[in-house]
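Just below is one structure, and these are the notes that go with it.
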Amino acid sequence: MENSRLVGKEIINGLQTSASREDIIKWLTIVRAVLVPKILEFGTERLNLYGYDPARLLSFRQELISDYAIKFYDRIISKFSIEWLSLLTSDGFHTLVLPLFLEGPVKDSLFALNKATFGATSKDVKFNKCVLILEQFMVHERLAQLLIDLSTVSMDDQGASKSSQVLDVEAVILSQILPSFPENIANRLQRENSAQFLPQNYIPEIALAILDTLQWAHDLLASGHDVSLLFVSTLTGKLCLTGYADLLLDTLLPHLCVRVRTDFIWCRLCQRVFAGVPDRSLEAVVVPVLKKVSWYGLVDKFLGDCILHNTGIKMLICTKMLLYRSYAKPKTILHNIIGYLASFHTRRHLLIEVCKNLLGVWGDSSSMKRISAEQHLYISKALMACLGVMTEEERKKHHDGKYSFSEHLLHLLMPGVQAHLESSDPSMRMVGMIIAKILTQIVEPKGPQLEFELDMTDPLVIDLLSYKDLPSDPGPSEAEKQLFSATRSFAVLNLSSGAQLDHTLSLTCGVAYKYFSDDDLEPYDMSNDKTVTKHAPPKYVRECMEGLICSSEEPDRTELCLQHAEKLIKQKSSGLEEIAVEFTQILLHLEDTHSFENFLINRFSALVALAVHCPEKVAKYLTGLFYERNYSIRQRMDILEVLANAAQRLSEPDKPEKYDETKESKILDVSPNSEASNWREIVQRRIESNTRRFVHGPSRPQPVPTANRFNQVAGHFFYPLMNKADRNRSGLDLLGQDSALLFRLLYTLAIILYSAINLPCAPHMCQNLLDFTWSLRMHTDSSVRQAVLICTTTIFLVAPTHVLMTDLQSEITDTKEWLEEVLQHDPDKECQKLSAQGLMLLSDQIKKEVTIPP
């Protein structure tokens, strides 16, 4: 020990005091002999160490490295200057200095370089040389050596392995240096950063270093030795937590997926690395792995049964990722999670527990109202995947108290189906019907089934049903295919003749099909065909009404009357005002008993035409009818749609006749043989054809101002709809279960208000609608909250800005705070989007008002 201490101090003093080229080379040679293993270990006969005995240095070399290596590096780096480097020359630097950092103790050299690079106050020669050395240092071979050194297990005096579950101080520092290196060096170098240090180049180098380290560990384990992968696991967690999970795993996983398929030792190594990360890095590692692994069978290779004894992983996979998270492309991750739980008997009980939890949350009405639609659809997909892997034996075996597992699922299902069917969102109702149908088929295949009218071609139905069956093994990955490329190419050569034969046969069949195809037949021209009926079209409104009344006796006549109803109404006959209400009543109660073509369109068009041409009477009748008893939800929806459409048409100006630029010359196109032609027209046509005009009149007539037809009747459309909304009537509970109708009512009020834009009554209507929606802002149904936000945005559009800043100042201030609250905390994304639009619109309106024109 005393000799090593004296030699170490002599070398440090020599490095510090060397001023000539000979002294610099002398002490660098001695340091190189001490730090680079191959210098002393592979031949000392011809080694000139300037008086030092090579055998003596080799005897206490390890003591020198452990006590003085970092000091040697610091002293050498401190000498980096223009004068010192000019004495050494470029060849001497590459021969004596670079090997010290690239072949010496990797841990000490990295500490010294990191300290000199990030501790420097200026970008001088020393800084630039350290960056140059780091460019050659940060490659996967050197990094792999660092990881191997930190993964080596030391032996005690009895020859037993000394492995620790806690990293030492140096390992902890290195686990912080390596993940943060790209950001730190980019901050130092700014625009002069090297491509080697960019994350897309640096992280794959670390990934390859990890792969080399795992290969080294595999070889040691296969030969019966121990290794410690604690640092590798910690480094992997830090890299993923820093945001480099994609770059790291895209390099690692293809290689690991090849190895874990056939080698149990590789499975153990992967489980130790990915499942052994620190708790704070667990989600950052496990979630990307589940996203990127192509088959759930490989998840078992990477994680094993760690979910049984690691509560953090169990909480993450069974609860957090299924109930509190949602992902843009969830199919792979859900199939990996459910398949992993179902793939081995030791984890099947967790699958049962997950299925119960998912169904409980899925069927909870309060949960449906407090989570976003995307999150609920994600839970539905996870539940579908669980139901797909459930076996009959498990349904009979597991019991929950006095109920069997099947009975328990049905007990959770029924209130959930009811809550879904009562939802105002059509997609939510569709999801409820699909889950109910599939669950009853699985739980009670021989019992009574829930049947719904489902469109099996609907994209939502197809997507949800695709989660029921777990995917099979997709086979070898691209990396594996490259390993067996020779075999594959041989198989392709043997099959090439057969493929050519198949191609020839397909061409022959295609030619035969061409000659015998029905596409060569010309279809008959049926464009002028007319449907022959025994009834003549109605000519008067009353005749049309009579035909609609006798719908059950003469369906052909009824269909004909319904087709001509809108046209007759638009003729504005003199008696239309007297019978408008009665006509509206007939149309509203008319039912499609004979499946008439375009029944809904014709009926709706006729109702809108009545509301446009007789707005006051029809609006009074429909708004009063909306709150009456014994009307279905569909009829009330029809009333709102008619009022909204009629308000829009009344607010629009009458469309003038289109100006025809050739109107003046149409008379010139009259044939000479026509009775209307005369010699003056023929002469005028010839003059016009030979006349060149340099100045033309207006290309179109000036617009003629017309009165807004909605001005006098806007109140009849608007106020009665808000009059009785808070009253609970038999068959109508707007503030309760009829939230879908409440959504449509608010949406209709917004349309009517927008139709009244620029009218004198608009400010008063805005104030009333703002008061009406105030109590509905915290409604539990997200669709109602969306409608309230639409109404609020419409108020900002319609109300004059000076009214918003004077008469409605206090209300608008509270509304702005509420919109900010919705933007930050509302679980529905559509509500957040609408609130952001409202805030932007309000800000723009205020800026326009307060901006002083130049």
Point to revise | Ordering of 110-120, 447-457, 24-34, 8-18 by burial proxy (mean other Cβ atoms within 10 Å per residue, highest first) | key: 24-34, 110-120, 8-18, 447-457
Point to revise | Share of Cα-Cα pairs in the range 207-335 lying beyond 22 Å, as whole percent | key: 31
Point to revise | Whole-number D in µm² s⁻¹ for the range 797-854, Kirkwood Cα-pair radius fed into Stokes-Einstein, 10 °C, 1.306 mPa s | key: 130
Check your understanding: Given the C-alpha centroids of the range 190-246 and the range 303-344, what is the distance between them in whole angstrom?
Key -> 25
Study note, to complete from the structure: Checking rank on 460-471, 183-194, 299-310, 778-789, with mean other Cβ inside 10 Å and highest first, the result is 778-789, 299-310, 460-471, 183-194
Exercise for review: Return the distance in nm (one decimal) between the two label points of a simple spin-label model at E546 and Q635, each offset 7 Å from Cα along Cα→Cβ.
Suggested key: 2.6
Check your understanding: Where Rh denotes the Kirkwood radius from the mean inverse Cα pair distance, what is Rg over Rh for the range 51-154?
Key -> 0.99
Exercise for review: For R680 and E616, compute 0.36 nm times the residue count separating them, minus their Cα-Cα distance, and round to one decimal in nm.
Suggested key: 17.8 nm
Review point. Which length gain, in nm to one decimal place, applies between S573 and K468 when the Cα-Cα distance is subtracted from 0.36 nm times their residue separation?
Key: 31.7 nm
Study note, to complete from the structure: Cβ-Cβ cut-off under 12 Å around K292, Lys and Arg +1, Asp and Glu -1: the net charge is 0
Exercise for review: Starting from the coordinates of the alpha-carbon atoms of the range 743-854, obtain the Kirkwood hydrodynamic radius over all distinct pairs and give the value in Å to one decimal.
Suggested key: 14.1
Review point. In a shell of Cβ-Cβ distance under 12 Å around A799, excluding A799 itself, what net charge do Lys and Arg (+1) and Asp and Glu (-1) give?
Key: -3
Check your understanding: the range 578-659: percent of C-alpha pairs farther apart than 14 Å?
Key -> 64
Study note, to complete from the structure: By the mean-Cβ-within-10 Å protection proxy, highest first, 747-755, 143-151 rank as 747-755, 143-151
Study note, to complete from the structure: Largest first and rounded to whole Å, the semi-axes √(5λ) derived from the alpha carbon gyration tensor of the range 313-382 read 21, 14, 9
Study note, to complete from the structure: With a Förster distance of 30 angstrom and the Cβ-Cβ distance between Q449 and T346, calculated FRET efficiency to the nearest 0.05 equals 0.35
Exercise for review: With the convex hull built on the Cα atoms of the range 676-798, state its orientation-averaged projected area in nm².
Suggested key: 15.1
Practice item. Under 11 Å from the Cβ of N708, count the other residues' Cβ atoms, weight Lys and Arg +1, Asp and Glu -1, and hand me the total. Key: -1
**Study point:** All Cα pairs of the range 400-472, percent lying beyond 13 Å
**Key:** 69
Exercise for review: Once you have the Cα-Cα distance between K539 and H589, take 0.36 nm times their residue separation minus that, and quote the gain in nm to one decimal.
Suggested key: 15.7 nm
Exercise for review: From largest accessible area down, sort S810, S739; use a 1.4 Å probe on the protein chains.
Suggested key: S810, S739
**Study point:** Nearest-0.05 FRET efficiency for V850 and L625, computed from C-beta distance (R0 41 Å)
**Key:** 0.35
Revision key, fill the gap. Given a Förster distance of 60 Å, the FRET efficiency implied by the Cβ-Cβ spacing of D733 and Q702, rounded to the nearest 0.05, works out to 0.65
Point to revise | √(5λ) per eigenvalue of the Cα gyration tensor, the range 177-280, largest first, Å | key: 28, 14, 12
Review point. For the cross-link pairs K26/K115; K539/K620; K468/K829; K329/K847, which exceed 30 Å when the distance is taken from alpha carbon to alpha carbon?
Key: K329/K847
Check your understanding: What nm distance separates the two modelled labels at N758 and N598, each placed 7 Å from Cα along Cα→Cβ?
Key -> 3.3
Practice item. Would you calculate the separation in nanometres between label points at K291 and D771, each defined as 7 Å from the Cα along the Cα-to-beta-carbon direction? Key: 5.1
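The values are calculated or read from the model by the stated rules, or taken from the named source; none is laboratory data. Treat the numbers as computed from the prediction; the structure is a model and nothing was measured. Don't worry about glycine lacking a Cβ; one is built from the backbone with ideal geometry, like all the others, and counts go over all protein chains shown. With ligands, DNA and RNA removed, areas are computed over all heavy atoms of the protein, side chains included. Shrake-Rupley method; radii C 1.70, N 1.55, O 1.52, S 1.80 Å.
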